[in-house]
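The values are calculated or read from the model by the stated rules, or taken from the named source; none is laboratory data. Everything numeric here is computed off the predicted structure, so don't read it as measured data. We place every Cβ from the backbone using ideal geometry, glycine too, and count neighbours over all the protein chains shown.
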Amino acid sequence: MPIPCPHFKITIVKRSQGQSAVAGAAYQNGERLFSEYDQRTKFYNKKKELVHAEIMLPSHAPPEYADRATLWNAVDWNDQKYAEVWRHSWEATTNRYLEAAGRPERVDLRSFERQGIQQIPTVHLGPAAHQMEKRGIETFLGNLNRDIRAANSLMQSIRSAIRGLQRWIADLSVQKQLLLDALEKAKEPTLSDLLVDYFNLRNEQRSDWSGKAKLKCTVRDFEEVKRAVDYLKAHSLNTIEDLDTAISNLNQTAAPLRRQLKQNENRMRAIAQIKDAAAVHAKLKPIHDTFIKKSFKLTKDAYAAQHKDELESFNKAVRTLMKLNGSTAVDVSALDAEFSALQSSSAELRTQLETLQPDISALKNIRKYIDMVLNKQQLSAPGGKTSEKESVLKRLHKAKATAAPKKPEQQKNTPEL
């Protein structure tokens, strides 16, 4: 499915480069316009080419802007806040037409950081690197993008697992209270007790199996439960509250690692952009210098038209260098050294995050075993009629959504989990 492009380009008419908004308007409509900035009349004869010229003002615009000279002498906003307003309007208009066309896609011109998306953006390859990658040739930027995607995948996997465990703990706490109230239990079951109940439940479910199959699965379940119990003992986890604390601590350990990894990858991305911009700046600086040195307007305009793409690329490189480096002077050796250090740091951070995976896997298995027991106990409670395969959270939502009690229905046989 094609994705809509949120591209919104804004070009500034720059007096520093001999450009003038009034001169541009005079050229476009073939009219004599007086520029208040340099106190000169601008005129370019286009009578043979011009078909129609008109100023179309919105209803809320000042009426004096119907005069072309007044309008264009009032332009060179050069303020980021206007770009924000225009980009937002473009975004809203694009999404309105996508919705009207019945399309599911939506565009958002904000950065990942401003959207609150915990994801590291990739680097723009450019045509040369894109073609090399397309032919199977690895490039510096291509390798950086692959590292960024791998880091995003790892962080997303760990975040998802931890969020799932946290939701389960919240659900488990509610379910525990429901079971205690329903069964009038005064003593809270320990996690080890629930794991033993899981092992017994699995044996009950295989009561009509053949002896060989029953033995094989019983041995497997015993090993799984033993590993889970050993993990609980090794980490002194006895109650649901202990488990909640363990998961919270796991998240507190992973969160700063994820943040530092994201900072590293963002800086590596910035270094790649600085080096790329520096190369473009060095390559195109002679063309820009020649343009600046030309004093006659006609020859200067002709040269600018001939080298339009090169001059735009040069100016873009200057903006990138000033934004990311603070200067057009670039110390490539220092950047390479910093990039190498960041790569090593990121590799170490990924290793530390990967060491958390065994704990996450163990906790997810314990969650699965205990959920099965609690589902079974819910069925055994008075009036219990929920399928074993339904999650605790889903049943809780159903219970809250049901205003009046329903008549007991005949309990159906449930498939083995």
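Can you tell me which residue among ALA83, ALA69, ALA92 is assigned to a helix (DSSP H, G or I) and more than 28 Å from ARG319 (Cα to Cα)?
Of ALA83, ALA69, ALA92, the one residue that is assigned to a helix (DSSP H, G or I) and more than 28 Å from ARG319 (Cα to Cα) is ALA69.
Determine, yes or no, whether LYS262 is at pLDDT below 95, closer than 27 Å to SER16 by Cα and charged (D, E, K, R).
no
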Item checked: Out of VAL219, VAL229, sole residue that is without any contact (Cβ under 8 Å) to a residue 12 or more places away in the chain and either of a type in the set (D, E, K, R) or out of contact with any Pro (no Cβ under 9 Å at 6 or more places or on another chain) (or both) -> VAL219
Check: Out of (1) farther than 18 Å from ILE366 by Cα; (2) surrounded by 11 or more Cβ atoms within 10 Å (Cβ to Cβ); (3) modelled with pLDDT of 85 or more, the odd one out for VAL229 is which?
Finding: (1)
Checklist line | Breaking point among (1) over 36 Å from the mean Cα position of the chain (by Cα); (2) crowded, with 18+ Cβ neighbours inside 10 Å, for SER346 | finding: (1)
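For every residue, the table says whether it meets (1) surrounded by 11 or more Cβ atoms within 10 Å (Cβ to Cβ); (2) closer than 16 Å to ALA26 by Cβ.
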residue: ALA53; (1), (2): yes, yes
residue: PRO58; (1), (2): no, no
residue: ALA61; (1), (2): yes, no
residue: GLU64; (1), (2): no, no
residue: ARG68; (1), (2): yes, yes
residue: LEU71; (1), (2): yes, yes
residue: ARG87; (1), (2): yes, no
residue: GLU99; (1), (2): yes, no
Margin query: within 21 Å of ALA161 (Cα to Cα), more than 29 Å from the chain's Cα centre (by Cα) and not basic (Lys, Arg): is that true of TYR369 in this structure?
Written below: yes
Next item on the list: Could you tell me which numbered condition ASP171 fails, if it satisfies all but one of (1) within 30 Å of ILE366 (Cβ to Cβ); (2) in contact with a Lys or Arg (Cβ under 8 Å, 6 or more places away or on another chain)?
Entry: (2)
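Only one of these is over 30 Å from ILE274 (Cβ atoms), at pLDDT 85 or above and part of a helix (DSSP H, G or I): SER361, SER340. Name it.
SER361
Mind listing whichever residues of the range 227-268 are β-branched (Val, Ile, Thr) and part of a helix (DSSP H, G or I)?
VAL229, ILE240, THR245, ILE247, THR253
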Notebook entry, point to check: If you go through the range 155-164 one residue at a time, do you hit one that is within 30 Å of PRO127 (Cα to Cα) and either touching a residue at least 60 places away in the same chain (Cβ under 8 Å) or in a helix (DSSP H, G or I) (or both)?
Noted result: yes
Margin query: Can you find a residue that is among the aromatic types (Phe, Trp, Tyr), within 35 Å of the chain's Cα centre (by Cα) and part of a helix (DSSP H, G or I) anywhere in the range 130-147?
Written below: yes
Note to self: With the structure loaded, tell me whether LEU180 is surrounded by 18 or more Cβ atoms within 10 Å (Cβ to Cβ) and either part of a loop (DSSP other than H, G, I, E, B) or modelled with pLDDT under 85 (or both) or whether it fails that test.
What the structure shows: no
Note to self: As an exercise: evaluate ASP76 against (1) touching a residue at least 40 places away in the same chain (Cβ under 8 Å); (2) outside any loop (DSSP other than H, G, I, E, B) and give the number of the one condition it does not meet.
What the structure shows: (2)
Check: Pairs, please: C-beta under 6 Å, at least 6 apart or cross-chain, first residue surrounded by 15 or more Cβ atoms within 10 Å (Cβ to Cβ) and in the range 188-215, second assigned to a helix (DSSP H, G or I) and small (Gly, Ala, Ser)?
Finding: LEU195/ALA228
Item checked: Those residues of the range 258-292 which are without any contact (Cβ under 8 Å) to a residue 60 or more places away in the chain, closer than 30 Å to LEU342 by Cβ and among the β-branched types (Val, Ile, Thr), in sequence order -> VAL280
Notebook entry, point to check: If you scan the range 141-169, which residues turn out to be surrounded by 13 or more Cβ atoms within 10 Å (Cβ to Cβ), over 19 Å from ARG350 (Cβ atoms) and out of contact with any His (no Cβ under 9 Å at 6 or more places or on another chain)?
Noted result: GLY164, LEU165, GLN166, TRP168, ILE169
Next item on the list: Under 6 Å between Cβ atoms, at least 6 apart or on separate chains: pull out the pairs that start in the range 235-256 with a residue that is under 15 Å from GLN352 (Cα atoms) and at pLDDT below 85 and end on any residue that is assigned to a helix (DSSP H, G or I) and not acidic (Asp, Glu).
Entry: none
Margin query: Looking at the range 178-188, can you tell me whether even one residue there is of a type in the set (Asp, Glu) and closer than 17 Å to ILE370 by Cα?
Written below: yes
Next item on the list: Keeping to the range 293-314, report how many residues are without any contact (Cβ under 8 Å) to a residue 40 or more places away in the chain and either exposed (fewer than 12 other Cβ atoms within 10 Å of the Cβ) or not in a helix (DSSP H, G or I) (or both).
Entry: 10
